[in-house]
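Read the structure below first, then the notes.
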Amino acid sequence: MSKELIRLRNVCMAFDDELVLDNINLYFNDKEFLTLLGPSGCGKSTTLRIIGGFTTPTSGDVIFDGVRINDIPPYQRQVNTVFQKYALFPHLNVYENVAFGLRMQRLPDPNDPTGKKKVKIPEEEIHQRVMEMLEVVSLKGFEHRKPEALSGGQQQRVAIARALVNRPKVLLLDEPLAALDLKLRKDMQIELKRIQQQVGITFIYVTHDQEEALTMSDTIVVMDKGSIQQIGTPEDIYNEPKNAFVADFIGESNIIDGIMVRDNEVQMYGKKFPCLDGGFAPNEPVDVVIRPEDIDIVPVSQGQLIGTVTSVTFKGMQYDIIVDFKGFKWLIQTTDHCPEGERIGIKIDPDGIHVMKKSKYSGMFGDYSSFSEEYDEMGDATLASDEEDSADEE
Ligand SMILES: Nc1ncnc2c1ncn2[C@@H]1O[C@H](COP(=O)(O)OP(=O)(O)OP(=O)(O)O)[C@@H](O)[C@H]1O
Ligand SMILES: [Mg+2]
């Protein structure tokens, strides 16, 4: 079992009169890779700054290893931070950048019985620890390079080594890969996960990139407007989103109005679909999530629903097609080629349907109309009459 290391209890943060964190309750386990994920301005960096001690919450407690640390300054916390801007010392080489924090440290002199005398960390120990960290971040042989002679990814590795060399219990990372290009970012995601596992400490990672969060995290915390929307493993968050906001933010989702007739049966477009969900009131209005990859295209005569293809985009591995079902547009990913204008049937397996409670986010997400507006304008007149007919077909 993992041990709890940090807890935020009823944490609120207000700037002037604006509440930017609204009663955050969250714990972080030892050795966990946890990601705070959400759109710009949702309060991710503020949460991280509170953990780091750079910001004091307006109310609530920050607990570290069972002790309240609200009033402990950053340098006395066992926490280090890596920012998006690496902020390396330009005049120092890689070795000296990493060694810098260790050179600044003063430890109690082991030969002084009063314990008052402080000494520097011995040079041998500094050397051993710096070299060990350069090994961890795969930068051995780069000791004498200046930051200006390193790529962005290499500079970020130096920043990570510098933060880890002090042996913090927690590393905070605020969008550390945002400045890198896509390919390098993907490589560094794998690297960061490996580094975290190798050094065996807690990483708290901030990003607005859902794919990055899914790739690296043990736990994802999805935030919106200062509130936590869902906490779970990447699989939980993807397969069982709690509301329309999470479903829309993580991956692609068609989100359709439904009625939960009874356990294992949901109604959409007036038709009943078998599903695996239950525990709702009889005939409760719900939001239904259907992922684009969970929809099978079948002949019109066999379709649970019948719609019209309004746009087709080739994506290499598959086609992204937009299909109009009575004016609501779905995204479907398929390896079959369906030309624009074709009428198709679809089938959805019971486990491809995920039913959610209605929330304040209902009706805000999950329609792909904006994908095919131009086509709409051209084809509106003819499509409208087609759709009327198709509603009755089955
Ligand atoms: N020092 C401050 N003074 C006033 N408002 C602030 C301050 N710091 C943050 N805010 C506000 O708090 C809200 C949350 O900001 P925060 O930086 O935590 O967001 P974020 O989720 O990290 O966003 P991004 O993805 O853009 O970095 C924003 O509305 C921001 O304007
Ligand atoms: Mg931020």
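Coordinate-derived values only; no laboratory data. As the structure is a prediction and not an experimental result, all values here were calculated from the model. A quick note on method: Cβ atoms are made from the backbone with ideal geometry, for glycine too, and the neighbour counts reach across all protein chains shown.
For R145 and Q197, compute 0.36 nm times the residue count separating them, minus their Cα-Cα distance, and round to one decimal in nm.
16.0 nm
Fewest Cβ neighbours within 10 Å first, please rank C338, C275 accordingly.
Details: C338 17, C275 21.
In increasing order of surrounding Cβ atoms, one gets C338, C275.
Assuming R0 = 25 Å, can you tell me the calculated FRET efficiency for the pair D294 and K31, based on Cβ-Cβ distance, to the nearest 0.05? If you can, show how the numbers build up before the last one.
On the way: r = 34 Å, r/R0 = 1.36.
FRET efficiency, D294 to K31: 0.15.
Given the chain, what percent of its DSSP beta bridges are antiparallel, to the nearest 5?
If we restrict to bridges inside the chain, about 80 percent are antiparallel.
Work the Kirkwood hydrodynamic radius out for the range 253-390: mean of 1/r over every pair of different alpha-carbon atoms, inverted, in Å.
Final number for the Kirkwood radius of the range 253-390 is 15.4 Å.
For the range 4-238, what is the convex hull (Cα atoms) projected area averaged across all directions, in square nanometres?
Spelled out: convex hull of the Cα atoms, projected over all directions, averaged, 14.1 nm².
Given H placed on each backbone N at 1.01 Å, which residues far from F203 in sequence or on other chains put an amide H within less than 5 Å of it?
Long-range HN contacts for F203: E32, F33, L34, L171.
Just how far, in whole angstrom, is the range 213-257 from the range 121-177 if you go by their alpha carbon centroids?
33
Expressed in nm to one decimal, what extension gain is obtained for the pair S227 and H91 from 0.36 nm per residue of sequence separation less their Cα-Cα distance?
Full extension from S227 to H91 adds 44.7 nm.
Counting each DSSP H run of 4 or more residues in the chain as -39500 (n - 2.57), what helix-only mean residue ellipticity at 222 nm follows after dividing by all residues, to the nearest 500 deg cm²/dmol?
-8000 deg cm²/dmol
Of all trypsin sites (Lys or Arg not before Pro) in the range 299-368, which ones are in loop regions per DSSP and have a Cβ with at most 12 other Cβ atoms within 10 Å?
K315, K360
Please get the size of the charge dipole for the chain, origin at its Cα centre, with Cβ charges of +1 on Lys and Arg and -1 on Asp and Glu, quoted in debye to the nearest 20.
Roughly 3200 debye for the chain.
Tally Lys and Arg at +1 and Asp and Glu at -1 over the other residues with C-beta under 10 Å from the C-beta of I63: what net charge comes out? Could you put the intermediate results ahead of the total?
Numbers: positive: R7, R9, R68; negative: E4, D61, D65.
So the environment of I63 carries a net charge of 0.
For the range 1-141, with only Lys/Arg (+1) and Asp/Glu (-1) charged at the beta-carbon, what is the dipole magnitude about the Cα centre, in debye rounded to 20?
The dipole of the range 1-141 has a size of about 240 debye.
On the first, second and third principal axes, largest extent first, how far apart are the outermost C-alpha atoms of the chain in Å?
Here the spans come out as 90, 45, 41 Å, largest first.
Over 24 Å between Cα atoms: which of K85/K186; K117/K140; K44/K315; K315/K347; K315/K358 fall into that group? Mind dumping the intermediate values first?
Values: K85/K186 18 Å; K117/K140 35 Å; K44/K315 32 Å; K315/K347 22 Å; K315/K358 33 Å.
Where the Cα-Cα span goes over 24 Å, the pairs concerned are K117/K140; K44/K315; K315/K358.
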